[in-house]
Amino acid sequence: MLENDANASPSHNDEYGSPADEYLSRAAQACAAGNAVLGMHLYLAAFERAQRPDGGVPDEAALNGLKQAWSLACSLKERSIAEYVFERLEPYLSSEETVACAEQLQDLALDKLEEFGLSREDLEDMTDLISQDFLGLEGSRLMKVEHLTAPSARHRPEPAPPSAAPEPAAAGPAGAPAEGEAPAVSEKGGAPGASPSSTLERITYRDLAGYDQAVAIMRDFGVGMQADAGFQEFVAQLNARHGLDRMPAADALLFRSPAREDANRFMAATLGELGLPALRMRMEENLQGLPVLCVMAQADRQPALNASKNAFEGAGVLLLEDLDLWVSPVTEPSPDDLGGLLLASLSRGAREAISLIRSAVENPDVFVLASASEAGEVDPFFYDLLEPLSVIDIDYPTASERADIWMEIARDHPSLRGVAQDDLVRYSAQMPRYDLYMAAREAVEEAYKASLVARRYLPVTAGNLFDKLAAYQPLDSAEYRALEDAVVKGFREDLDHLEDLLKGEE
């Protein structure tokens with residue numbers, strides 16, 4: 001349990017403490033007036049304001065305020081905010097305090113899941129499907145609620161906005177889930193902390209730009225042809241001629257791309273085309289630095305699982321995200337592995353996960369989709385596990401695919417329509433799709449900020465966008481040199497234009 005000094009006087013250090021004093025005072029007043037929610041956010045704001053520019057430890061008053069925010073979040077059962085506070089508080093906690101916080105987060109997660117009609121006994125059975133207790137000790141398993149939202153079909157991958165210090169009237173910390181999100185179960189081998197985004201887009205191939213070749217390959221597998229009456233008639237004819245009642249079971253599919261974001265997005269669109277409930281797996285690390293398997297399912301589309309048989313019941317999709325980051329469970333034990341006890345414990349749980357994956361591969365009603373980066377190496381163990389396996393390589397977008405992407409970006413961001421599309425297509429060669437969206441977003445945000453300073457609308461300039469694209473191109477590439485020349489040329493033209501203006505004024 002954390003030790004809080006609610007009456008601790010705020011630091012009056014003029015350099016760091018003063019900006020947080022007002023927030024601490026107002027937080028205490030809000031709590032005294034019975035407004036615990038406002039007090040919680042004010043304590044968070046005080047800590048953010050007390051952050052030292054050199055990365056040093058904030059003053060004691062700010063840390064006490066953060067501990068007050070933790071206590072309030074737990075008492076209010078604000079699990080997402082409690083996780084947010086834990087991320088900031090963890091570096092300043094003792095090992096005993098860290099364990100206590102982890103146990104409180106587990107209770108909050110279980111309480112949240114119980115609100116959706118799942119008893120704690122049911123949840124324990126579900127997690128036993130995936131792994132055993134860490135080192136066989138009770139209480140070491142932690143449950144975490146991942147919030148999987150359903151973005152609009154037009155959602156594109158964009159960089160997450162930077163976290164900002166909450167203002168006194170803010171609704172919550174950056175990244176806090178909104179109302180109406182669907183929870184999913186995630187089994188962790190350590191205290192929950194920061195994790196990659198868990199949002200699974202609900203998109204189909206119609207919502208993708210720049211994947212024409214990959215979509216054509218998938219149509220050869222029959223994926224994305226469900227609404228094609230001619231194709232369905234052809235399948236019925238094949239079934240009759242070959243004496244089968246359905247298409248043969250599809251191979252497991254591994255999507256590889258230079259950027260894992262491109263592969264993951266195409267995998268999400270493939271899931272949308274199949275229209276089946278899905279179970280999603282990815283590998284993460286716990287606080288001890290050990291690999292753990294994170295398993296998620298959207299609350300409104302959960303696949304049916306048979307716990308006794310460790311298998312899917314009925315049709316579904318199994319998604320294996322970033323397979324090149326997965327650690328094989330048959331790795332040889334290391335000398336500092338406590339005599340192999342850690343490996344033995346993880347392997348027992350790994351056998352359950354492997355059994356689930358293999359049963360999905362062998363089930364004709366289950367599609368198994370995996371993603372990986374071309375730069376990473378998938379352990380041969382997983383290639384054997386997923387056999388029969390077909391690899392779908394999603395290369396850099398072609399010129400026509402890049403043109404489609406830039407047209408889509410221009411539709412969403414009118415301020416960059418003044419930049420010649422032909423130049424953008426040429427200069428963005430050999431770039432992943434995700435990097436194109438990132439560069440465009442960065443240029444738009446920079447133009448937006450410049451507009452705020454100038455108090456007038458300023459569109460995205462060619463030089464600005466080219467500069468952002470250059471940051472993603474290798475320094476020794478022809479595209480980088482071309483971008484560099486284009487930026488210098490544009491700068492010279494601006495100087496000539498400025499000189500003409502000055503001469504005109506004379």
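Here are the numbers for the structure shown:
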| quantity | calculated |
| --- | --- |
| Of residues in segment 413-425 being among the charged types (D, E, K, R) and part of a helix (DSSP H, G or I), the one nearest to residue 484 (Cα to Cα) | 423 |
| Test: residue in segment 188-207 that is at pLDDT 80 or above, among the polar types (S, T, N, Q) and under 29 Å from the mean Cα position of the chain (by Cα) | yes |
| Segment 395-412, subset outside any helix (DSSP H, G or I) and within 26 Å of the chain's Cα centre (by Cα), residue surrounded by the most Cβ atoms within 10 Å (Cβ to Cβ) | 397 |
| Test: residue 346 is farther than 21 Å from residue 250 by Cβ, under 19 Å from the mean Cα position of the chain (by Cα), at pLDDT below 85 and buried (at least 21 other Cβ atoms within 10 Å of the Cβ) | no |
| Pick from segment 426-462, criterion of a type in the set (Val, Ile, Thr) and either in contact (Cβ under 8 Å) with a residue 12 or more places away in the chain or not in a helix (DSSP H, G or I) (or both), ranking: surrounded by the fewest Cβ atoms within 10 Å (Cβ to Cβ) | 461 |
| Condition met for residue 286 (in contact with a strand residue (DSSP E or B) (Cβ under 6 Å, 6 or more places away or on another chain) and without any contact (Cβ under 8 Å) to a residue 40 or more places away in the chain) | no |
| Matching residues in segment 203-222 - criterion: being touching a Lys or Arg at 6+ places or on another chain (Cβ under 7 Å) and either among the aromatic types (Phe, Trp, Tyr) or open to solvent by 10 Å² or more (accessible area, probe 1.4 Å) (or both) | 207 |
| Any hit, segment 458-477, residues being modelled with pLDDT under 95 and in contact with a Pro (Cβ under 8 Å, 6 or more places away or on another chain) | no |
| Any helices (runs of 4 or more DSSP H) falling wholly within segment 1-120 and containing at least 3 residues that are touching a Cys at 6+ places or on another chain (Cβ under 7 Å) and modelled with pLDDT of 85 or more | none |
| Counted residues, segment 259-282 - those being out of contact with any strand residue (DSSP E or B) (no Cβ under 7 Å at 6 or more places or on another chain) and open to solvent by 20 Å² or more (accessible area, probe 1.4 Å) | 4 |
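The values are calculated or read from the model by the stated rules, or taken from the named source; none is laboratory data. These numbers come from a predicted model, not from an experiment. Neighbour counts run over all protein chains shown; Cβ positions are idealised from the backbone, glycine included. Accessible surface is based on the protein model in full, side chains and every heavy atom, while ligands, DNA and RNA are left aside. Shrake-Rupley method; radii C 1.70, N 1.55, O 1.52, S 1.80 Å.
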